[in-house]
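The structure under discussion appears below in the form of structure tokens.
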Amino acid sequence: MMQGISNPILAEGWLTLAIALPSLVLLAGLLLGFKDLIRFSLTRATAIASVCFTQSKRRGVLLITPLVILAVIVVSHFQKADDAQDAIRQTTNVCLFAAGLVVTVVIIMVACTNLPREIENRVIYTVTTKPVTRLEIVLGKVMGFAAVSFWILLIMGVFSLAYLNWLDHRARTVIRAQLDSNDIPLTSRVTAEYYSRHGTLHSRVFGTPQRLSFLAAEPTGPDDWWIPADPKLGGEGSIVVPFQVDGSLIPPPVAPAAQGPGLAAKGYPGGLWIKALIPARRVTPATQPSTQPAEINPPRATIDLRANGRVLMDLTAQTDLLQEVRVVQSNERGLVVLYLIYISPENLIRWLPSDGVNDVQIGITGLNKAYEYGLAPKGMQLESPDNSLKLSPSRGAQYVGPTGQYGPRLRGQRGGIRRVAMYEFHDAAVPAGHQNYQFELRVFTEMDREDYTAEDQATELGLTFRNHKTGHITPEIRVYPENNRPLYFDVPAAGVEGGDFDVIMRCTSPNFISLRQGRDASLKLVAADQSFALNLLKSMAVLWLMSLLVVIVAVFCSTFLSWPIAIVLTLLILAGRWCVQELGDMAKPGVGNQVVSDLFRGASPEVSAAVSRSVDGLARVTSAVAPLLPDLSQFSAMEEMNRGVAVSMASLLGALRVTFFHGIPMLVMGWIFLRYKEVAP
């Protein structure tokens, strides 16, 4: 619920406010409506719910679902899919999207219009003159419209399950016929055989890697990590070292008279020093010995400042920043180059505008392709000139690959293959008792036009599994993935048992292989396979919790507004937080000057100042209100279904938490508003 708030103190304040406001609302409801609580009757509330449900049926609300089903069937037949499983996932996405859209639109329309029309038609007079409390009216209407949404989702769920199973049966029949007639290419045959055995409706629990590294060669130990260099590509790989820098702890500039011994006395008051120890080993082809000494052709690297994976500034290209570069030693690993870079207080203020904790990334990229580059133990440090502040990396260094069209990529080579990508799995949930374990591989391929010939018809990858707990190394597994299509293969249990293992990946064809990490990692362990029907049921439960929140918000707005304004306010409450998140920096204070420069460039100073203040004021209001609104991203079961992943208990609890913490206070406020509203003579 505190998504987007990076300052821990501010996040704690919002959390306290998010808990305090619902508590105050509940307390106010108890104090103001204690008599209604004593007189509350579930029978009367159920009767009102039954009336609301019957009215909705008479208005033909449930008849909308057959039209939506027909639209889903039509849309699914016009989809373009890469393979059978992709077609099933697209259809699943359409079914869930249609179910969520129809239930949201229907509930907003019927719930926002019901109570205002009853007041306008004076039907409410008959109800309020009976022994019925306002609490029973509000709660009964919520129950009635929640029942409407339940039946809509039930009908859509039954249709989706039956339709998707029919599509799966038809796809498996076609695949088996193609396998029998050898109409499937060799590269796609393994995946097709998997679909014919296991179907295309999947609900899996995946084990994902913790880290992805791109290296010049397979490492032999913890200190044998290197990146290659290629000046044509601006460096084929980088070492990224993350830091967390608290701007308030950086010493201010020191007056010359107060400077003590050390770097500050040499004319560097305040600021920070970057110290980098970069080992570089010579790359010599086996058939061609080196003819140039290191002194003639020295290793060179760039050190840059990054944010969110994007390079902000090349620090070594700034003569006022780069203070010293020298070789400090030469040993069996090669040369170790020391870089000293000084960042002045003025630059720190510009790069670290916040007094709070800032995420800073320092990148190292090799330039001279005659060397491979690494990072010495404790080889990157940030220090203040007076030695009062010394910062170490916040976590381990990342060895990233060059960025291609689809993300970080690994360059393939025909012979003498050295460059590898390495996925690290730690404490993966590996079920016991299996002889083989299944993995899913999905990569993006790009041809290397400089090294491509007509004989290169398929992308070939070699994968080696190295188990850290048993020391077992599997023989290399050869696979032939297609662009952005899933490939399934089995790995012997000895390679992955214990859940702590590395996967070394080589590309033996002249292609670029783009790989992903995180929850959408290109390589994932299939830890379990659950029932698709159960997974669909869980996703429908998440949608019903969302519809319940929509019902409560709509009934709350209808208790004090006319129905057109209630519809608008309901949409604002539901979509307000999402809109602020999508706007990003445009919804933050300080955007006023940018709006003036873009839209009011020729305006007078008075008009520019007024516009800037107004926009900044609006930004402050939206930034303050947005964290208190419902977070619809918690109702994201459709995304998990689309990826073929089992809907987790965390997703269900997240949806329940949002519905509870936002729904209950609005339900109480709707009851209070209706209690003190004159709706009867």
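The values are calculated or read from the model by the stated rules, or taken from the named source; none is laboratory data. Treat the numbers as computed from the prediction; the structure is a model and nothing was measured. Cβ coordinates were reconstructed from backbone atoms using ideal geometry, including for glycine residues, and neighbour counts include every protein chain displayed.
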Between a residue in region 632-646 that is on the phi < 0 side of the Ramachandran plot and any residue that is surrounded by fewer than 21 Cβ atoms within 10 Å (Cβ to Cβ) and of a type in the set (Phe, Trp, Tyr), which pairs come within a Cβ distance under 6 Å, given they are 6 or more apart or on different chains? LEU632/TRP578
Which fully enclosed strands (runs of 3 or more DSSP E) of region 202-248 have 1 or more residues being modelled with pLDDT of 85 or more, crowded, with 22+ Cβ neighbours inside 10 Å and out of contact with any Phe, Trp or Tyr (no Cβ under 8 Å at 6 or more places or on another chain)? 238-246
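With VAL647, VAL621, VAL625, VAL668 as the choices, which residue is within 30 Å of LEU534 (Cα to Cα) and of a type outside the set (Ser, Thr, Tyr)?
Step by step, each of VAL647, VAL621, VAL625, VAL668 is checked, and only VAL647 is within 30 Å of LEU534 (Cα to Cα) and of a type outside the set (Ser, Thr, Tyr).
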Note on GLY499: of the conditions (1) in a strand (DSSP E or B); (2) within 17 Å of TYR437 (Cα to Cα), unmet is (1)
Which residues, taken from region 453-490, are among the β-branched types (Val, Ile, Thr) and within 22 Å of PHE214 (Cβ to Cβ)? THR459, THR464, ILE473, THR474, ILE477, VAL479
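Quick check on this structure: which one of VAL611, VAL596, VAL607 is in a helix (DSSP H, G or I) and modelled with pLDDT under 75? Break it down stepwise before answering.
Working: VAL611 fails: modelled with pLDDT under 75; VAL607 fails: modelled with pLDDT under 75.
Going through VAL611, VAL596, VAL607 in turn, just one is in a helix (DSSP H, G or I) and modelled with pLDDT under 75: VAL596.
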Going by the structure shown, is LEU410 assigned by TED's automatic domain parsing to the domain that holds ASN484, touching a residue at least 60 places away in the same chain (Cβ under 8 Å) and either among the β-branched types (Val, Ile, Thr) or assigned to a strand (DSSP E or B) (or both)? yes
Of the conditions (1) under 16 Å from LEU549 (Cβ atoms); (2) under 23 Å from the mean Cα position of the chain (by Cα); (3) modelled with pLDDT of 80 or more, the single one that MET641 does not satisfy is (1)
Output the qualifying pairs, or none if there are none: Cβ atoms under 6 angstrom, residues six or more apart or on different chains, first residue in region 427-445 and assigned to a strand (DSSP E or B), second residue of a type in the set (D, E, K, R). ASN436/ASP490; GLN438/ASP490; GLU440/LYS524
Top-ranked residue of region 625-681 - restricted to ones that are touching a Ser or Thr at 6+ places or on another chain (Cβ under 6 Å) and part of a helix (DSSP H, G or I), ranked as surrounded by the fewest Cβ atoms within 10 Å (Cβ to Cβ): PHE673
What is the one condition in (1) at pLDDT 90 or above; (2) not small (Gly, Ala, Ser); (3) not assigned by TED's automatic domain parsing to the domain that holds MET666 that ARG577 does not satisfy? (1)
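Restricting attention to region 129-146, report how many residues are under 18 Å from ILE38 (Cβ atoms) and either touching a residue at least 24 places away in the same chain (Cβ under 8 Å) or in contact with a strand residue (DSSP E or B) (Cβ under 7 Å, 6 or more places away or on another chain) (or both).
Looking only at region 129-146, we keep the residues that are under 18 Å from ILE38 (Cβ atoms), and these are 130-140.
When the remaining residues are screened for being either touching a residue at least 24 places away in the same chain (Cβ under 8 Å) or in contact with a strand residue (DSSP E or B) (Cβ under 7 Å, 6 or more places away or on another chain) (or both), the result is 131-140.
Of the residues in region 129-146, 10 are under 18 Å from ILE38 (Cβ atoms) and either touching a residue at least 24 places away in the same chain (Cβ under 8 Å) or in contact with a strand residue (DSSP E or B) (Cβ under 7 Å, 6 or more places away or on another chain) (or both).
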Restricting attention to region 625-633, does a residue exist that is modelled with pLDDT of 80 or more, under 30 Å from LEU523 (Cβ atoms) and outside the structural domain of ALA87 (by TED's automatic domain parsing)? yes
Could you give me the residue pairs with C-beta distances under 9 Å whose first residue belongs to region 669-681 and is farther than 9 Å from ARG134 by Cα, whose second residue is in a loop (DSSP other than H, G, I, E, B) and modelled with pLDDT of 85 or more wherever it lies, and which are 6+ apart or on separate chains? MET669/THR559; GLY670/THR559; GLY670/PHE560; PHE673/THR559; PHE673/PHE560; LYS677/THR559; LYS677/PHE560
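Scan region 86-102 and give yes if some residue there is over 30 Å from PRO486 (Cα atoms) and in a helix (DSSP H, G or I), otherwise no. Steps first, please.
Filtering region 86-102 for residues over 30 Å from PRO486 (Cα atoms) gives 102.
Checking the rest, the ones that are also in a helix (DSSP H, G or I) come to 102.
Yes: region 86-102 contains one or more residues that are over 30 Å from PRO486 (Cα atoms) and in a helix (DSSP H, G or I).
If I filter region 451-460 for residues that are assigned to a strand (DSSP E or B) and either at pLDDT 85 or above or among the basic types (Lys, Arg) (or both), do I get at least one hit?
Applying the first criterion (assigned to a strand (DSSP E or B)) to region 451-460 yields none.
Checked against the condition, which is being assigned to a strand (DSSP E or B) and either at pLDDT 85 or above or among the basic types (Lys, Arg) (or both), region 451-460 yields no hits at all.
Is it the case that LEU549 is buried (at least 20 other Cβ atoms within 10 Å of the Cβ), assigned by TED's automatic domain parsing to the domain that holds PHE145 and touching a Leu at 6+ places or on another chain (Cβ under 9 Å)? Walk me through it before giving the result.
On the way: buried (at least 20 other Cβ atoms within 10 Å of the Cβ): yes; assigned by TED's automatic domain parsing to the domain that holds PHE145: yes; touching a Leu at 6+ places or on another chain (Cβ under 9 Å): yes.
It is true that LEU549 is buried (at least 20 other Cβ atoms within 10 Å of the Cβ), assigned by TED's automatic domain parsing to the domain that holds PHE145 and touching a Leu at 6+ places or on another chain (Cβ under 9 Å).
Among the candidates ALA527, ALA494, ALA521, single out the residue that is under 20 Å from GLY407 (Cα atoms) and either modelled with pLDDT of 90 or more or not β-branched (Val, Ile, Thr) (or both).
Only one candidate qualifies: ALA521.
Given the criteria over 30 Å from SER213 (Cα atoms) and more than 24 Å from the chain's Cα centre (by Cα), does SER562 qualify? Spell out the reasoning first.
Details: over 30 Å from SER213 (Cα atoms): yes; more than 24 Å from the chain's Cα centre (by Cα): yes.
Yes.
Mind listing whichever residues of region 278-305 are assigned to a loop (DSSP other than H, G, I, E, B) and modelled with pLDDT of 60 or more? Before you say what the answer is, go through the steps one by one.
If we filter region 278-305 for residues that are assigned to a loop (DSSP other than H, G, I, E, B), which is where we start, we get 283-300.
If the condition is that a residue be assigned to a loop (DSSP other than H, G, I, E, B) and modelled with pLDDT of 60 or more, then VAL283, THR284, ASN297, PRO298, PRO299, ARG300 are the ones that fit.
Is one or more of the residues making up region 368-381 surrounded by 14 or more Cβ atoms within 10 Å (Cβ to Cβ), in the same structural domain as GLY237 (by TED's automatic domain parsing), within 21 Å of GLU236 (Cα to Cα) and among the acidic types (Asp, Glu)?
First, pick out the residues of region 368-381 that are surrounded by 14 or more Cβ atoms within 10 Å (Cβ to Cβ): 368-376, 379-381.
Within this subset, residues satisfying the condition of being in the same structural domain as GLY237 (by TED's automatic domain parsing) are 368-376, 379-381.
So of that shortlist, the ones also within 21 Å of GLU236 (Cα to Cα) come out as 368-376, 379-380.
Restricting the remaining residues to those that are among the acidic types (Asp, Glu) gives 372.
So far as region 368-381 goes, yes, one or more of its residues are surrounded by 14 or more Cβ atoms within 10 Å (Cβ to Cβ), in the same structural domain as GLY237 (by TED's automatic domain parsing), within 21 Å of GLU236 (Cα to Cα) and among the acidic types (Asp, Glu).
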Examine region 67-75 for a residue that is within 24 Å of ARG485 (Cα to Cα) and either free of Cβ contacts under 8 Å to residues at least 40 places away in the same chain or assigned by TED's automatic domain parsing to the domain that holds LEU536 (or both), and state whether such a residue exists. yes
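With surrounded by 16 or more Cβ atoms within 10 Å (Cβ to Cβ) and of a type in the set (D, E, K, R) as the only criterion, which of ARG516, ARG478 stands out?
Numbers: ARG478 fails: surrounded by 16 or more Cβ atoms within 10 Å (Cβ to Cβ).
Residue meeting the stated conditions: ARG516.
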